Amino acid sequence: MIWPFVRELLSFYVTMSCASNRRVTRVQERHASAVRPRSYQDESYLHGFLGTVDDLQKAGVLQDVVLEVEDRRFPCHRLVLSAASPYFRAMFTNDMAESRQKTVVLQGLDAGMFGEILSYIYSGNLHVSLDKVQPLYQAADLLQLDYVKYTCSNYMAMNVERSTCVDLYKFADVFSVETVRKRCLQWMYKNFAEVACSEEFCSLLTEHQLTEIISHDELDVQEETTVWEAVVKWVQHSREDRLHHLPSILPHIRFNLLTSDDTAAILEHPLVREDPGSSEVIRNVVQKGDPNQKPRFGMTTEMALLYNQAPGSEEFLFMNPQEGKYISCSYKPEDLSGFSAITVTSDNNIYILQTGESEDENQLSLSKYNHARNVWEHECMSSVSKGPDYNLKFCEQLLIEVDQILYYIVLDDFKDRRLHEMRKYNRHMNLWQDCSKLQLDYVTYYSAVVSCDSHIYFLTTKEVHRYEPRQDRWCKRSQLLEPNFEFGTAVAMGTEIFCTDFALRLAMVYNTQSDYWQKLQGLSNPRNLVIFDLSLFVMENQLHVWSTWANDEDEEEYNVYVYDRSTDVWRDLKVTLPDTSKEYCVYGPQCPVARIYLPYLTMQDKAT
């Protein structure tokens, strides 16, 4: 018999126990919902496992296959080889004869390089040197080892110089290693005269490779005769084998850049006279001419373009203050009518944006500068009209290029520097297409638009916005270093954007990759002169600024300053313009700079 108090006590404990269990269950349920399963990775195990595999290989333990390369035997593990290389995985896991053989003979490999590859497979360490990087790449290419190929190609690209560029170029051309190939070509373009004198240039290059090099615009040569002399050296190095290639090489020489005396001398050269087909090719090339053949890079000079805004003037000033060169050219009035914006593209083409004659219509068109004839030619492009909610009279129009695409941008220049409109030109469809608009929730009285690093940047008084061309969208970047900064001018150089205020008292630089602002030294103005016009530009990889000042007699003074970043100082270049009475100005956020073949500026095919 259970005593009553004992029964009550047991009943109490049972009740409390059930309640407690229910609470525990609820806690466990909440805990289970709060704590999720996790995966852990033991880094020491990963490294230790590879180290153990390497130890087994060195000790010769558990090896189940022997690879034979050039009579050398390499005992290995099928599992390790299959895990490291798709080549071996296919060999040992498919129904191939090698999957059942104890000894497998590998063809097309160097035994020494295979030893290096095997060392990498078992240890993860790769040792590369200039004398073995090419056969190492070949072995990795055969065995489908992407990391080894990537490492070797980077190593070759880093070691392109005078003694290696031709050899590495030939190798990269055969194995389609584009990063190395492009790096070698760039080096040879920049140092062509030096490379053309080397033994490697004459002995290694094939006819196809030679023409690829000499046909490029980027050759840094001052005279086309340098290219002809390089061809002569290449042919004479193996005259019997190469002379028959001369007729196919000659069209790649730009005879339009040679004087008549130079052409006559080439026709009288023994190589040309020996091959009747060569002289015929030269005469045909000279007779037909090719206006699309551009001057070589080394023959051109970087020139900033200023526009004379005086009424009735259709004139540009081509200027290089570092070299003291100032050339003024006038054009036909109809060629520049309605001029409202200008840009220089990455391939050195110059475009101007023009507003239609009808003020109500506001139709826009493009003209392109013909370097060889020194004229402006209307582009056969579809016209673009303004939007319905603004008047171009009170707007700033910009023309900007990003990756060969032209963008037309409209900013309100009257009350709010908001981005009204942005369109891009599709050359394949001959069509202007709308781009997404940047929506701002504040008024910005000062702003700048710059193309940099394959993007468009809109700099406002508060923050930076970046346009992504591929996604057609805007994204916000960092805040401005100086709040309410009054943007006077901005320009891109490399991956950085430089900007100043209207008085050049404050300058800043924005790194587009790190999204970081930095202050720079401004320009002192002890006379407190008033600046009418201010434009940054980049020439010969240096930052410059063009400025128009009003002196004490209310006369305009033109000045160009170059910025020395190492000392954070602006230096006056003391420009001497041919005619200081003209009203030179700049259209856009920066002064356009193009590479110009100076003899073209003296062409008479223009208005006088």
Subject >> Filtered residues of the range 367-380 (kept if of a type in the set (D, E, K, R) and in a loop (DSSP other than H, G, I, E, B)) >> reply: Arg373, Glu379
Original post:
Using beta carbons and a limit of 9 Å, which pairs, at least six apart or on different chains, have the first residue in the range 218-244 and of a type in the set (Ser, Thr, Tyr) and the second one outside any helix (DSSP H, G or I) and buried (at least 16 other Cβ atoms within 10 Å of the Cβ)?
Top reply: Thr225/Leu258; Thr226/Leu219; Thr226/Arg296
Subject >> From the options Gly488, Gly494, residue that is assigned by TED's automatic domain parsing to the domain that holds Ile409 and surrounded by fewer than 18 Cβ atoms within 10 Å (Cβ to Cβ) >> reply: Gly494
Original post:
Out of all the residues in the range 118-163, which are more than 25 Å from the chain's Cα centre (by Cα), over 16 Å from Leu106 (Cβ atoms), of a type outside the set (Lys, Arg) and not in a helix (DSSP H, G or I)?
Top reply: Gly124, Asn125, Leu126, His127, Val128, Ser129, Leu130, Asp131, Ser163
**OP:** Can you confirm whether the range 397-412 contains a residue that is assigned to a strand (DSSP E or B), in contact with a helix residue (DSSP H, G or I) (Cβ under 9 Å, 6 or more places away or on another chain), farther than 30 Å from Gly298 by Cα and at pLDDT 80 or above?
**Re:** yes
Original post:
If you scan the range 435-448, which residues turn out to be surrounded by 12 or more Cβ atoms within 10 Å (Cβ to Cβ) and not hydrophobic (A, V, I, L, M, F, W, C)?
Top reply: Ser436, Lys437, Thr444, Tyr445, Tyr446, Ser447
**OP:** Considering only the range 299-334, state which residues are among the small types (Gly, Ala, Ser) and out of contact with any Phe, Trp or Tyr (no Cβ under 7 Å at 6 or more places or on another chain).
**Re:** Ala310, Gly312, Ser313, Gly324, Ser328, Ser330
Original post:
Out of (1) among the basic types (Lys, Arg); (2) farther than 23 Å from Ile249 by Cα; (3) over 19 Å from the mean Cα position of the chain (by Cα); (4) part of a helix (DSSP H, G or I), what's the single condition that is false for Arg183?
Top reply: (3)
**OP:** Exactly one condition in (1) modelled with pLDDT under 85; (2) assigned to a helix (DSSP H, G or I) is not met by Arg89; state its number.
**Re:** (1)
Subject >> Checklist (1) among the hydroxyl-bearing types (Ser, Thr, Tyr); (2) crowded, with 20+ Cβ neighbours inside 10 Å; (3) modelled with pLDDT of 90 or more applied to Thr164, failing item >> reply: (2)
**OP:** Name every residue in the range 467-483 that is within 21 Å of Leu536 (Cβ to Cβ), modelled with pLDDT of 85 or more and surrounded by fewer than 20 Cβ atoms within 10 Å (Cβ to Cβ), in order of residue number.
**Re:** Arg477, Ser478
Subject >> Top-ranked residue in the range 381-396 [being part of a loop (DSSP other than H, G, I, E, B) and surrounded by fewer than 18 Cβ atoms within 10 Å (Cβ to Cβ); ranked as modelled with the highest pLDDT] >> reply: Ser382
Original post:
Which one of the conditions (1) at pLDDT below 90; (2) not assigned by TED's automatic domain parsing to the domain that holds Asn348; (3) not small (Gly, Ala, Ser) does Thr263 fail to meet, given that it meets all the rest?
Top reply: (1)
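The values are calculated or read from the model by the stated rules, or taken from the named source; none is laboratory data. Please read all numbers here as calculations on a predicted model, not as lab measurements. Positions of Cβ are generated from backbone atoms using ideal geometry, with glycine treated the same way; all protein chains shown enter the neighbour counts.
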